[in-house]
Amino acid sequence: MTESNAGRFTVGVFQDVVWATNGINALLRAGLLPDSLSVIALDSPEVNALIAQMLAGAPESLQVAGVGAAIARGPLVAALQGTSGDLRTLGLSGTMRRVGFQPHDARIFEALTAKGGVLVAIHSEPRAADALSVLHAYGGGNAAIGAWGGRV
C-alpha cells in the first residue's frame, strides 16, 4: 500500500463549493488542464454541479471510509481506488500513501473532507509548485505536494 507509482499530486481542501470553484477557476487560468484535476467531496447537488461544470463530466458515487457517501472525478480517484475499491475500506487515510502523502496528512484531508470540505488535487508534477501556490492563494487548506523532491 505504500506504492507511489501513480505520479505526483498536489492536494488541498477547500472549505466549501464556493471556495473550491474559485480555486479551480484559478488553477485553470494558470494553465492547468481540466483532465489533470480531481475532486472528492461529500455527495451534494452543489458538488455535483461543480464537477459537471468544471471537470466536464459526471462524478462517480463512492463510499469512502471515514468520509461517507461521496462523489468524485479525476485521476486521483483511480490512483486511490486501486483494483479493489480501496477507498471504501481504507478511506483517504489508508490510500493517500500511494500518491506520496504521509498518514498524518491523509488523516487531515480525510477529516476536512468528512466535515464538508472539497478536496481538490492536481496531477501535474512539472507544475506542482504553481498548483501549490494557487491552492494556498485561494484557500486550499493544508495544501501540499505528495512526495515531491523538487524545490519551490
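Every number in this text was worked out from the coordinates using simple rules, so none of it is lab data. Fair warning: this is a prediction, and the values are worked out from it, not measured in the lab. Here Cβ is always computed from backbone atoms with ideal geometry, including for glycine, and neighbour counts include all displayed protein chains.
Couple of notes before you dig in:
- Sorted ascending by nearby beta carbons within 10 Å, beginning with the fewest, S84, S93, S44 become S84, S44, S93.
- Cβ charges +1 (Lys, Arg) and -1 (Asp, Glu), total dipole of the chain, debye: 260
- For the range 10-145, the calculated P(r), taken from all Cα-Cα distances in 10 Å bins from zero up to the bin holding the longest distance, is 14, 51, 33, 2 percent.
- Label-point gap, in nm, between A52 and A65 - each point 7 angstrom along Cα→Cβ: 3.2
- Kyte-Doolittle at least -1.0, axis length at least 20 Å by Cα - qualifying DSSP helices, the chain: none
- Cα gyration tensor shape for the range 83-152, rounded if a/c is under 1.5, else prolate or oblate: oblate
- Other residues whose C-beta falls under 15 angstrom from the C-beta of A121 contribute a net charge of -1, scoring Lys and Arg +1 and Asp and Glu -1.
- Cα centroid separation, the range 17-37 to the range 49-101 (Å): 18
- Springs between Cα atoms under 10 Å define the GNM used for the chain, and in it the highest mean-square fluctuation of A56, A41, A79 occurs at A56.
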